[in-house]
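The values are calculated or read from the model by the stated rules, or taken from the named source; none is laboratory data. Just so you know, these numbers come straight off a predicted model, no measurement behind them. Positions of Cβ are generated from backbone atoms using ideal geometry, with glycine treated the same way; all protein chains shown enter the neighbour counts.
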Amino acid sequence: MPKTSYSLTQRVLHWSMALLIFFNLLFPDGMNRWHHLHRSGQPISPDDIAGANIHAYIGILILVLAALRLIVRALSGAPAEAEGSPAVLHLVARATHAALYLLLFAMPLSGIAAYYFGIDSLGSLHGGPVKMLLWVLISLHVLGAFAQHFYWRTNALRRMTIG
């Protein structure tokens, strides 16, 4: 029997990761402050380190959840693409998902390289163009979900919300 929606585990992982990603994208202040102090040679307080660590630990959690998400997907599969929308949209959706998965690994790994190993060039990529690309892909993902639901009236959004 073909799978018609994502499993509860897949949905929980998706929405948990979405919340964690938005938190780190919208509230990077602790890491930004630590980075500024570190780069300018100013003293870094325990509070500054704690603020940076929150961002780092959430990033590490996102990395772990992304790996878990791929494992769960490999084991339980995914439903077929929603019918009723143009074929080109399926191609765009596949490309967007692939790029999102790539960034779900690249962002935390580049952040780890910068924060824990001092590779500043990766930190610049992490907080600059890769972060911007992540925002663009998230926007495409959300717009695509809404277009599927409201314009083409498919069940794509429902499959990742209530099943």
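A few notes on this one:
- Looking across the range 132-163, just one residue is of a type in the set (Lys, Arg) and buried (at least 17 other Cβ atoms within 10 Å of the Cβ), and that is ARG159.
- Residue within the range 96-115 that is over 15 Å from the mean Cα position of the chain (by Cα) and surrounded by fewer than 17 Cβ atoms within 10 Å (Cβ to Cβ) present: no
- Screening ALA80 with (1) under 18 Å from the mean Cα position of the chain (by Cα); (2) under 24 Å from THR161 (Cα atoms); (3) not charged (D, E, K, R) gives one miss only, at (1).
Yes/no matrix, rows are residues, columns are (1) modelled with pLDDT of 95 or more; (2) closer than 16 Å to VAL92 by Cα:
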site: ALA113; (1), (2): yes, no
site: LEU125; (1), (2): yes, no
site: VAL130; (1), (2): yes, no
site: ILE138; (1), (2): yes, yes
site: GLN148; (1), (2): no, yes
site: ASN155; (1), (2): no, no
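- Of the criteria (1) within 26 Å of ALA50 (Cβ to Cβ); (2) in contact (Cβ under 8 Å) with a residue 40 or more places away in the chain, which one ALA113 fails: (2)
- Matching entry among ALA18, ALA50 (being closer than 23 Å to ILE138 by Cβ and free of Cβ contacts under 8 Å to residues at least 40 places away in the same chain): ALA18
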